[in-house]
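Student: Here it is: the structure, laid out below.
The values are calculated or read from the model by the stated rules, or taken from the named source; none is laboratory data. These numbers come from a predicted model, not from an experiment. Here the Cβ is made from the backbone with ideal geometry for all residues, glycine too, and neighbour counts use every protein chain on show. For the accessible areas, the whole protein counts, side chains as well, though only heavy atoms, and no ligand, DNA or RNA atoms are used. Shrake-Rupley method; radii C 1.70, N 1.55, O 1.52, S 1.80 Å.
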Amino acid sequence: MGKSKVQLKKCDRVCISVPAATAIRAALLIQRWYRQYVARLEMRRRCTWNIFQSIEYAGEQDQIKLYNFFGFLMDHFTPASSERNLICHIFRKNEICRDIDWERYFCYRSIEVPDSYTGPHLTFPMTFCGVSKLVEAFKHKQQLHARYVLQLLGETWRLLRILPNINQVSACHTKEITICGDLHGHLEDLLLIFYKNGLPSSDKPYVFNGDYVDRGKNSLEILLILFGFLLVYPNDVHLNRGNHEDHIVNLRYGFTKEVLGKYRVHGKKILKLLQKIFSWLPLATVIDQKVLIVHGGISDTTDLDTIGRVDRHKYVSALKAPKHHAVNGSTTQTMNRNREANLPEEGRRRVYSMNHCSSASAYRYNLQHRSLHSQSISSHLNCSVEEELKMRRRMAGFDQSYRKLSQSDSDSDPESGETTETDEHQWKQIVDMLWSDPMAQNGCVPNEVRGGGCYWGPDVTEEVLGRHNLQLLIRSHECKQEGYEFCHNRRVLTIFSASNYYEVGSNRGAYIRMGSDLVPHFIQYQASRTCMELTLRQSVGWTERSALRALREQLFVHKSDLISAFQEFDPHNTGKISLRNWASATEKVLNLGLPWRVLRPQLVNRTQYGMVDYQQWIRELSITEPKLEVSDNSILETMYKNHSNLETIFRIIDTDHSGLISFEEFHQTWKLLSTHLKMEISDKAIADLAQSIDFNKDGSIDINEFMEAFRLVDLSAHS
């Protein structure tokens, strides 16, 4: 019996050990599978992110190119030319010069508030109770009456004029400072921040770091809330200027359209006053002389002493490059070689991430293709205007040398006034602060992705912070998947407060709390309930589908260029090319810096023996377009490809902001666009298009209806 018991115990031990080993192996397999699963999801998420970001930055560069083209017309066309007359008003920064005239122009007292108005009634001076009611009203989608909007903006303008360029803030043991990044019209994010963190007060100071407007639907509501708190707590609420606080940028990214849609009668005055306010927003905030907060970043020439002395209100648009006057003063010779119609496509830097490593030779190449402001190059200094024009017409894109420029006073005509090296240096300082991004490599090079500002490296961070005895730079300007990101040995911190920026689930928002120890603490969130209910896989899938729809639209509008590029790799006209050649040709046309071979399974349904039937692929892009009777189909392709540029030109030409343009204005719009693109569009084709979209035959075209009618539809999204 004893022996049997011993044998039984040994058997038990054997029986137990076998399942344990199997369980361990199973656990390892599950762990390995899960890690691979998460890695695949992360790879898909990063690809999705790169698609969104590449398309976004390409749009920003296109906007700067278009504005530079307008500047080129202003510099080189005669004052009587029709093209110049169409756009000259956007270069006259302020139609009214003296402050007393501004007071009279924006007077709100003549505007009656009807008894039927159910929104909030404001009283001035503003109180905490009044701003709280305003927040509640906007939360319930009420609209503030135009009288109160103008009155609040007028009070804000008066306050901003006495603020310094750089706000000085002090942290103490009793209260933490809250720092918020880009909001971009996402009112739900601002309301969530206030819910989680508390409303601004003397015990709850805030710093908002620019880009309050554009892209979202509630930019004006965000401004009114922030301006209201600024009026109540001018020592505890601090607003920095961002690159989107610029009326030229607003023409493309929605804020102009938003204001005019909400206030049809008084929208023009509101926009004009906001244009003035944006130019008076402070440029930076410093906490305890140790933490610098700016919207974009710095460059190797950043000097806070210079920034502190800038007449910031002169730069109503930071995109307006100053003009360089001849040294002898006899004639005004424009040295701005960057007022061009197009940047060369190869100049746009590949976007795998903003810290993507590239070779030193690539950076040396980029130095020759700077974008918004440029260094002098002696070989071009003696070129006449006529020679310059001839040279530019011969080139696929205009000259890209970095030039030294200078700015005329914002309240004067752009053709008048003397400029100095001081003006030129100050303008560059502002551009760098509003538009720049950090990079992983040492040095300072032009920001080819956005088209303005620079990329600066960790060595520049160390030098600038060390020179000003600072320990941390906080900036915004870039959407981050987690809402924040450190770089440059944790000396630079990016904070972004608009969650779901590209699509629901695309990114978290975040804000910073900072106490007297000046250590940043992060609070992350997502404002969408839909996103909270999604699993990681569902969230990635949702955003991936949205990104691919946007990418397919880009592919569709470039289909003619793509076919031409594919045919270069298909000399025998077989209709098929290799996957490698497909990826190479697609990148050459779109120039988005995307991993096309990785994206191929999501974009190309079928391949045979590693070959892509590109003709069939073009036909299978699930995009539909309106069918209009026009004599020249190329005008339709131009319309799709330059949709945003065309809308921007429309809104510039629509000087009375009526939303309507005449057939003649429509014709002038297309002529401007065709000049910008260096292509011929016949008068008959433009006339045919105008006739076909004038649905009510009243001789005018509704801008919003026209742009909506030509919006591409992805059929796969509705299947």
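Student: So residue 488 ticks every box in (1) modelled with pLDDT of 95 or more; (2) on the phi < 0 side of the Ramachandran plot; (3) not basic (Lys, Arg) but one. Which box is left unticked?
Tutor: Result: residue 488 fails condition (2) only.
Student: Could you tell me whether any residue of the stretch 695-712 is among the β-branched types (Val, Ile, Thr), assigned to a helix (DSSP H, G or I) and either touching a Pro at 6+ places or on another chain (Cβ under 6 Å) or within 21 Å of residue 261 (Cα to Cα) (or both)? Show your work before the answer.
Tutor: Here is the first cut: in the stretch 695-712, the residues among the β-branched types (Val, Ile, Thr) are 701, 703.
Remaining after also requiring assigned to a helix (DSSP H, G or I): 703.
Next cut, either touching a Pro at 6+ places or on another chain (Cβ under 6 Å) or within 21 Å of residue 261 (Cα to Cα) (or both) only: 703.
Yes; the residues of the stretch 695-712 include at least one that is among the β-branched types (Val, Ile, Thr), assigned to a helix (DSSP H, G or I) and either touching a Pro at 6+ places or on another chain (Cβ under 6 Å) or within 21 Å of residue 261 (Cα to Cα) (or both).
Student: Does residue 223 meet the test of being in contact with a strand residue (DSSP E or B) (Cβ under 6 Å, 6 or more places away or on another chain) and within 22 Å of residue 479 (Cβ to Cβ)? Spell out how you get there, then give the answer.
Tutor: Values: in contact with a strand residue (DSSP E or B) (Cβ under 6 Å, 6 or more places away or on another chain): no; within 22 Å of residue 479 (Cβ to Cβ): yes.
Judged against the criteria, residue 223 is not a match.
Student: Kindly indicate whether residue 399 is surrounded by 18 or more Cβ atoms within 10 Å (Cβ to Cβ), among the charged types (D, E, K, R), assigned to a loop (DSSP other than H, G, I, E, B) and modelled with pLDDT under 70.
Tutor: Details: surrounded by 18 or more Cβ atoms within 10 Å (Cβ to Cβ): yes; among the charged types (D, E, K, R): yes; assigned to a loop (DSSP other than H, G, I, E, B): yes; modelled with pLDDT under 70: yes.
Taking the combined requirement at face value, the residue satisfies it.
Student: Go through the stretch 289-309 residue by residue and tally those that are under 18 Å from residue 446 (Cα atoms) and surrounded by 20 or more Cβ atoms within 10 Å (Cβ to Cβ).
Tutor: Total satisfying the criteria: 6.
Student: Within the stretch 220-264, work out how many residues are farther than 18 Å from residue 147 by Cα and either within 18 Å of the chain's Cα centre (by Cα) or not in a helix (DSSP H, G or I) (or both).
Tutor: Result for the stretch 220-264: 25.
Student: Now for a different question. Filter the stretch 141-163 for residues that are surrounded by fewer than 18 Cβ atoms within 10 Å (Cβ to Cβ), in contact (Cβ under 8 Å) with a residue 60 or more places away in the chain and in a loop (DSSP other than H, G, I, E, B) and give the result.
Tutor: Our first condition is that a residue be surrounded by fewer than 18 Cβ atoms within 10 Å (Cβ to Cβ); within the stretch 141-163, this holds for 141-143, 158-159, 161-163.
Filter once more, keeping what is in contact (Cβ under 8 Å) with a residue 60 or more places away in the chain: 143, 159, 161, 163.
Within the stretch 141-163, 143, 161, 163 meet the criteria.
Student: For the stretch 229-252, which residues satisfy the criterion of being closer than 19 Å to residue 648 by Cα and touching a residue at least 60 places away in the same chain (Cβ under 8 Å)? Steps first, please.
Tutor: First, pick out the residues of the stretch 229-252 that are closer than 19 Å to residue 648 by Cα: 243-252.
Hits for the stretch 229-252 are 243, 244, 246, 247, 248, 249, 251, 252.
Here is a yes/no grid of residues against (1) touching a strand residue (DSSP E or B) at 6+ places or on another chain (Cβ under 9 Å); (2) among the aromatic types (Phe, Trp, Tyr); (3) closer than 21 Å to residue 480 by Cα:
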{"position": "170", "(1), (2), (3)": "yes, no, no"}
{"position": "189", "(1), (2), (3)": "yes, no, yes"}
{"position": "203", "(1), (2), (3)": "yes, no, no"}
{"position": "207", "(1), (2), (3)": "yes, no, yes"}
{"position": "213", "(1), (2), (3)": "no, no, yes"}
{"position": "252", "(1), (2), (3)": "no, no, no"}
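Student: Considering only the stretch 589-620, state which residues are surrounded by fewer than 17 Cβ atoms within 10 Å (Cβ to Cβ) and touching a residue at least 60 places away in the same chain (Cβ under 8 Å).
Tutor: Once the filter is applied, which keeps residues that are surrounded by fewer than 17 Cβ atoms within 10 Å (Cβ to Cβ) and touching a residue at least 60 places away in the same chain (Cβ under 8 Å), the stretch 589-620 yields 595, 598.
Student: Exactly one condition in (1) in contact (Cβ under 8 Å) with a residue 60 or more places away in the chain; (2) over 26 Å from residue 60 (Cβ atoms); (3) in contact with a strand residue (DSSP E or B) (Cβ under 9 Å, 6 or more places away or on another chain) is not met by residue 552; state its number.
Tutor: Result: residue 552 passes all but (2).
Student: Right, next: For the stretch 632-655, indicate whether the set of residues that are basic (Lys, Arg), open to solvent by 10 Å² or more (accessible area, probe 1.4 Å) and modelled with pLDDT of 90 or more is non-empty. Don't jump to the end; show me each part of the working.
Tutor: Filtering the stretch 632-655 down to residues basic (Lys, Arg) leaves 641, 651.
This time we only want the ones that are open to solvent by 10 Å² or more (accessible area, probe 1.4 Å), so: 641, 651.
Among the residues that remain, those that are also modelled with pLDDT of 90 or more are: none.
No.
Student: Against the definition (of a type outside the set (Lys, Arg), open to solvent by less than 20 Å² (accessible area, probe 1.4 Å) and touching a Cys at 6+ places or on another chain (Cβ under 8 Å)), how does residue 497 come out, yes or no? Before you say what the answer is, go through the steps one by one.
Tutor: Numbers: of a type outside the set (Lys, Arg): yes; open to solvent by less than 20 Å² (accessible area, probe 1.4 Å): yes; touching a Cys at 6+ places or on another chain (Cβ under 8 Å): yes.
The answer is yes for residue 497.
Student: Further, regarding this structure: Looking at 77, 106, 52, can you tell me which residue is of a type in the set (Phe, Trp, Tyr), at pLDDT below 85, surrounded by 18 or more Cβ atoms within 10 Å (Cβ to Cβ) and out of contact with any Pro (no Cβ under 6 Å at 6 or more places or on another chain)? Don't jump to the end; show me each part of the working.
Tutor: Working: 77 fails: surrounded by 18 or more Cβ atoms within 10 Å (Cβ to Cβ); 52 fails: at pLDDT below 85.
Only one candidate qualifies: 106.
Student: Turning to a different aspect of this structure: Select from the stretch 277-288 the residues that are out of contact with any strand residue (DSSP E or B) (no Cβ under 8 Å at 6 or more places or on another chain) and open to solvent by 10 Å² or more (accessible area, probe 1.4 Å) and list them in ascending order.
Tutor: We begin by selecting, within the stretch 277-288, every residue out of contact with any strand residue (DSSP E or B) (no Cβ under 8 Å at 6 or more places or on another chain); these are 277-280.
Answer for the stretch 277-288, where residues must be out of contact with any strand residue (DSSP E or B) (no Cβ under 8 Å at 6 or more places or on another chain) and open to solvent by 10 Å² or more (accessible area, probe 1.4 Å): just 280.
Let's see how each residue does on (1) of a type in the set (S, T, N, Q); (2) modelled with pLDDT of 95 or more:
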site	(1), (2)
163	no, yes
170	yes, no
178	yes, yes
183	no, yes
187	no, yes
202	yes, no
213	no, yes
218	yes, yes
222	no, yes
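Student: Let me ask another. Which residues, counting only those in the stretch 461-479, are open to solvent by less than 20 Å² (accessible area, probe 1.4 Å) and closer than 18 Å to residue 521 by Cα?
Tutor: So the first thing to find is which residues in the stretch 461-479 are open to solvent by less than 20 Å² (accessible area, probe 1.4 Å), and the list is 461, 464-465, 470, 472-479.
Residues satisfying the conditions are 472, 473, 474, 475, 476.
Student: Take the conditions open to solvent by less than 40 Å² (accessible area, probe 1.4 Å) and not in a helix (DSSP H, G or I) and apply them to residue 193. Does it pass?
Tutor: Working: open to solvent by less than 40 Å² (accessible area, probe 1.4 Å): yes; not in a helix (DSSP H, G or I): no.
In short, no.
Student: Looking at 557, 540 in this structure, which one is closer than 22 Å to residue 498 by Cβ, surrounded by 17 or more Cβ atoms within 10 Å (Cβ to Cβ) and modelled with pLDDT under 90?
Tutor: Values: 557 fails: closer than 22 Å to residue 498 by Cβ.
Selected residue: 540, the only one of 557, 540 that is closer than 22 Å to residue 498 by Cβ, surrounded by 17 or more Cβ atoms within 10 Å (Cβ to Cβ) and modelled with pLDDT under 90.
Student: Pull up the stretch 560-579, narrow it to residues that are of a type in the set (A, V, I, L, M) and farther than 13 Å from residue 589 by Cα, then point me to the one that is least open to solvent (accessible area, probe 1.4 Å). Step through it out loud before you land on a result.
Tutor: Just the residues of the stretch 560-579 that are of a type in the set (A, V, I, L, M), to begin with: 562-563, 565, 577, 579.
Add one more test, that the residue is farther than 13 Å from residue 589 by Cα, and what stays is 577, 579.
Values: 577: 2, 579: 36 Å².
That would be 577.
Student: On to the next question. How do the pairs read when you match residues in the stretch 479-497 that are among the basic types (Lys, Arg) with residues anywhere that are open to solvent by 50 Å² or more (accessible area, probe 1.4 Å), using Cβ under 9 Å and keeping only pairs 6 or more apart or on different chains?
Tutor: Correct list of pairs: 480/508; 491/462; 491/471.
Student: Only one residue in 684, 671 is in contact (Cβ under 8 Å) with a residue 60 or more places away in the chain, open to solvent by 50 Å² or more (accessible area, probe 1.4 Å), part of a helix (DSSP H, G or I) and of a type outside the set (A, V, I, L, M, F, W, C). Which one?
Tutor: Going through 684, 671 in turn, just one is in contact (Cβ under 8 Å) with a residue 60 or more places away in the chain, open to solvent by 50 Å² or more (accessible area, probe 1.4 Å), part of a helix (DSSP H, G or I) and of a type outside the set (A, V, I, L, M, F, W, C): 671.
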